[in-house]
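Please read the structure below before turning to the comments.
The values are calculated or read from the model by the stated rules, or taken from the named source; none is laboratory data. As the structure is a prediction and not an experimental result, all values here were calculated from the model. Don't worry about glycine lacking a Cβ; one is built from the backbone with ideal geometry, like all the others, and counts go over all protein chains shown.
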Amino acid sequence: MNSYQKLTSKSLIFSNEQLNFGRLLYEAPFVVLAHDKSEDPIFFYGNLKAQEVFEMNWPELIRLPSRYSAEFANQAARQHLLNEVASKGFIDNYSGTRISKTGRKFQIENATVWNLLDKDSKNIGQAASFTNFI
């Protein structure tokens, strides 16, 4: 949430309950996903809405290489997106097709994708959030 706010100048969660941000994010009515910065990035976070949309439970989602969230034919477009985010810090108008565990395809629209930064502003991964999907 700190990286999101630092890069976009917006809040991901609007609440005065600062002590409960983790719970609020996990139970948010929108998707939030994050992957690490390894050569083949692995998801390490997916809130309940992400688990629902991708039709996976927590253990399945947090060990999934993030490239599997898009069909093979869309891998080049996905990689272009990730490279653009890496260089710009974030984008807030991404649209693309994703695929669930069962093979169900869905379109995401107006997604925000941003770099995850540690306390020293070092890039440690990327995250995405979206509300609109069909």
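Filter the range 98-134 down to the residues that are of a type in the set (S, T, N, Q) and not in a strand (DSSP E or B) and list them by number.
Scanning the range 98-134 gives Ser100, Thr102, Ser121, Thr131.
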Could you give every pair whose Cβ atoms fall below 6 Å, whose first residue belongs to the range 71-83 and is outside any loop (DSSP other than H, G, I, E, B), and whose second residue is at pLDDT 85 or above and among the polar types (S, T, N, Q), counting only separations of at least 6 or pairs across chains? Asn74/Thr97
Flag for Gly89 being on the phi > 0 side of the Ramachandran plot and not aromatic (Phe, Trp, Tyr): yes
Note on the range 119-134: residues exposed (fewer than 13 other Cβ atoms within 10 Å of the Cβ) and either of a type in the set (Gly, Ala, Ser) or in contact with a helix residue (DSSP H, G or I) (Cβ under 7 Å, 6 or more places away or on another chain) (or both) are Ser121
Only one of (1) under 15 Å from Ile108 (Cβ atoms); (2) at pLDDT below 95; (3) small (Gly, Ala, Ser) fails for Ala73. Which number is that? (1)
What tally of residues in the range 1-55 results from selecting those that are in contact (Cβ under 8 Å) with a residue 40 or more places away in the chain, basic (Lys, Arg) and in a helix (DSSP H, G or I)? 1
Which condition number does Tyr68 fail, the rest of (1) in a helix (DSSP H, G or I); (2) in contact with a Gly (Cβ under 7 Å, 6 or more places away or on another chain); (3) not polar (S, T, N, Q) being met? (2)
Name the residues in the range 84-97 that are part of a strand (DSSP E or B) and in contact (Cβ under 8 Å) with a residue 24 or more places away in the chain, would you? Phe90, Asp92, Tyr94, Gly96, Thr97
